[in-house]
Structures are given as structure tokens and as C-alpha cells.
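> Here it is: the structure, laid out below.
The values are calculated or read from the model by the stated rules, or taken from the named source; none is laboratory data. From a predicted model like this one, the values you see are computed outputs, not experimental measurements. All Cβ positions, glycine included, derive from the backbone under ideal geometry; neighbour counts span all protein chains shown.
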Amino acid sequence: MKRILTFLFATMLFVSGCSSGTAEHALKSIDVQDKKNPPSSFIPKDVEIVSVGDSLTQGVGDSTNQGGYIPYLKKDLETLKEVRSANFQNYGVKGNRTDQLEKRLDQKEIKKAIKKADLVIITIGGNDVMQVFKDNFSSLQVSKFEQALVGYKKRLGEIIETIRENNPETGIVLVGIYNPFIKWFSDIKEVDEIIKEWNQASEQILAKYSKTKFIPIFDIFENQEEDLLYTDYFHPNDHGYKLMAKRIFSYLDNNKLAQFIE
């Protein structure tokens, strides 16, 4: 009987020892599995950015002819730990409306660039508004802008869809429009309301898609105390473009860029 008890006691010690080791091993395994991935800044990335749109992308009014907001934004982005280099390809064309940009997105060169892009930045819409002014100059009514807005929203959605078809993972940023007449007609509040309505419509369109962001700049050019417009009083000057870049950067900073380039 004494031998049996001794054997049982020894067996219990052995099993207990094995169980303790197994539990400890299991805990260690769980600890390894639960370790978080290193932050995006751990390995800096070469970020590929495609800029498409109108004169604000082309950089009309930029005295350096380097692409308006682009050189300023490039410099800011490259201060981020997660960005080794920010490489821009500029496909801005002065005067482009949404219908014209939509057609240009079918060009082989632009499609190829978008397929490789981590981020696509768009400036569009200002010339769509201007077209309404030109077509209805003698009998301008708010209703004309509301009618044009319907077609604009449809085309903007198609632009986003086309970019997504070429690159389902790329981030998409749309820069809003501002009141180009604020220098001379700041007292005509109807124009402000029209621009704000178009910006709200743009933001609503982008909200339907993942990895997109609408960036407002209306308030930047609303500031009458600073000279932010080129000599044509329509396009931004160097300082205006610099403030545009700062606004875009502020929306991409603070780890928000990760959602676009991961």
C-alpha cells in the first residue's frame, strides 16, 4: 500500500510539473502572437502621389512654375517619419472641368500612374461653376447653379469610380473650391452660398467611398487681410498655394496618412 501511495504521489508531482511547463509555454506563445506590428514609421516608405485636375494642380499663378501647392506639400510630407520620399506626378490642366477630367483619366499614362499610386489628389469643380457663370451671364439665377450641380455630382462620382477601378487601394483626396470673386464681390453673399453648397455636395460624394478625404480651402481665401491671389485675382499666388499645401498636410498628418498608404 505504501508503495502505491508513493507511486501515486510521484506521478502527481510529474504531471503537475508537466502541466506547469505546458501552461507557461502556452502563455509564452500567446504573448508572441499578441505582439503588435511595428508602427508604419518603423520602415519609411516611398510614397507615390498622383495629382490630377485643373489649374490649381497645374499651378497657374505659381511664380516658380513647380506645380502650385505640390513642392510645399512634398517638403512637408517628407518631414514625417513614415515617409522616406514623396514622389509626385502632376496631371493638372488649366480650365479642366469634371467632364474633361473624366475623359483624361482614360489616357494610358494617367491610368498607369494611378495604378501605382498610394494617393491621388484632385482639384476640380471651380471651372464647372465658372461655366454656369459664362453660360448664363445675362440672366444669372441661383437655380442655374442648382441644376448644374446635379450633373457635377454624377460626374464626380464617376471620376472616383474610375480611379477606384484602376487602383482599389489608393487613397483619394479632393481639395474643395473657393470663391474666386471674393476680391471684387465680397458683398455678394449668394456666390459664397453657391460655393459652399457645391463643396458640401463634393464631401457627400466622397463620404460614400473608403479611404477618401475632402479638404476644404474656402476659408483660406476668405481671409481679406492677406494677399493670396495671383495678379489675375483668380488663381492663388505663391503664398496662397503654400497655405493650400499646409491645409492638405494638416489633414494627412497625425497618423492619418497611414490609412491612405498602408
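> Residue check: is Glu203 touching a strand residue (DSSP E or B) at 6+ places or on another chain (Cβ under 6 Å), modelled with pLDDT of 90 or more and outside any strand (DSSP E or B)?
Details: touching a strand residue (DSSP E or B) at 6+ places or on another chain (Cβ under 6 Å): yes; modelled with pLDDT of 90 or more: yes; outside any strand (DSSP E or B): yes.
Judged against the criteria, Glu203 is a match.
> Something else about it: Select from the range 237-259 the residues that are touching an Asp or Glu at 6+ places or on another chain (Cβ under 8 Å) and not in a loop (DSSP other than H, G, I, E, B) and list them in ascending order.
If the condition is that a residue be touching an Asp or Glu at 6+ places or on another chain (Cβ under 8 Å) and not in a loop (DSSP other than H, G, I, E, B), then Asp238, His239, Tyr241, Ala245, Lys246, Phe249, Ala258 are the ones that fit.
> Follow-up. Report, by residue number, each residue of the range 98-126 that is surrounded by fewer than 20 Cβ atoms within 10 Å (Cβ to Cβ) and farther than 19 Å from Glu48 by Cα.
Asp99, Gln100, Glu102, Lys103, Arg104, Asp106, listed by residue number.
> Still on this structure, please answer the following. Filter the range 214-235 for residues that are modelled with pLDDT under 95 and closer than 21 Å to Lys75 by Cα; which is surrounded by the fewest Cβ atoms within 10 Å (Cβ to Cβ)?
The residue in question is Ile220.
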